[in-house]
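Working notes, beginning with the structure itself.
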Amino acid sequence: MIKFFRKIRQKMLKENKLSQYLIYAIGEIILVVIGILIALQINNWNEGNKTKKEEVKILTEIKIALNNDLKFIDINLRGHDQTIRDLEIIKEQLLLEKPTNDSLNYLYGSLLFTNSVDITTGPFETLKSRGLGLISNDKLRNEILFYYEQPVKYAIDKEMFLPKNFTIEYCTKLFNTVAWMSVSGKNQIIPNDFESLKKDKVFLNLLNTKIAEIGFQNITLHSSREKVQELIKLIDGEIHQN
């Protein structure tokens, strides 16, 4: 093709067709420029397509992580609800001065209940390493950033009102630590003196505080759950657009 155009130029020069040669040369330059622009456009399209595929891939990975978070949050919420029920039964037993029974020994173990919500951050860390700008949707990018940087995962992993060591230390004084065991998935701890336990105001405050603490954590978990569901919907919408 290059030899063909060269022959045409040489022929025009030999025939002294300077004006036609100039027009032809300009036309040839324009064609070359157009070719370069087309090549650049194709390259940009390929790069853009590659970036979009990478964006969809990371969004899909984040969605999988969020679904795992959702399952773990639900597990914790169920555990919280059961623990509150156990503690309320103990509280009622003490306030109404009902006689103790062996089934209560399994409920006392809920005093030592602790939880940990381990949010899956792997895909987000991958996104940060590749650059947050990979997410083209500004709203979605900001929502993802907010979810992973909010302090929820730290707040729900702490005793918000009483330190864990105080709870365990105080319970050790009131219950037979030798009898602490796992039976049917629950800890069984036996009071040293049930009659004294009923009159123990500190223990009653401990019960109320523990119930309030878990209730607070539930509020945080429910808020997180809603945020995860909203984020999954946004990601689904963005993936389907691509």
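The values are calculated or read from the model by the stated rules, or taken from the named source; none is laboratory data. Since the model is a prediction, treat every value here as computed from it, not as a measurement. Here Cβ is always computed from backbone atoms with ideal geometry, including for glycine, and neighbour counts include all displayed protein chains. Calculation scope for accessible area: heavy atoms of the full protein, side chains included, ligands and nucleic acids excluded. Shrake-Rupley method; radii C 1.70, N 1.55, O 1.52, S 1.80 Å.
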Under 17 Å from the Cα of K98 - aspartates and glutamates, other chains or at least 8 residues apart: D86, E88, D193, E195, D200
Stretchable slack from D118 to F216, in nm (0.36 nm times residue separation minus alpha-carbon distance): 33.5 nm
Accessible-area value, K57, 1.4 Å probe, nucleic acids and ligands omitted, Å²: 100
Rounded to the nearest 10 Å², the accessible area of T209 at probe 1.4 Å: 40
Whichever aspartates and glutamates have a C-alpha closer than 13 Å to that of K57, once near sequence neighbours (fewer than 8 apart) are set aside: D236, E238
Length added when fully stretched, K71-I168, from 0.36 nm per residue minus Cα-Cα: 32.0 nm
Cβ-Cβ FRET estimate between V202 and R78, R0 fixed at 35 Å, reported to 0.05: 0.75
Amide H within-cut-off set for N176, under 5 Å, with H built and near neighbours excluded: I190, N192
Spacing of the two label points (7 Å from each Cα toward its C-beta) at D193 and I232, in nm: 5.3
Area of R85 that stays accessible when all protein chains are in place (1.4 Å probe, Å², to 10): 130
Stretch gain in nm, segment E61-R141, where the contour uses 0.36 nm per residue and the Cα spacing is subtracted: 27.4 nm
Neighbourhood net charge (14 Å Cβ-Cβ; Lys/Arg +1, Asp/Glu -1) for L234: -2
Ranked order, D81, D138, D118 - accessible area, probe 1.4 Å, largest first: D118, D138, D81
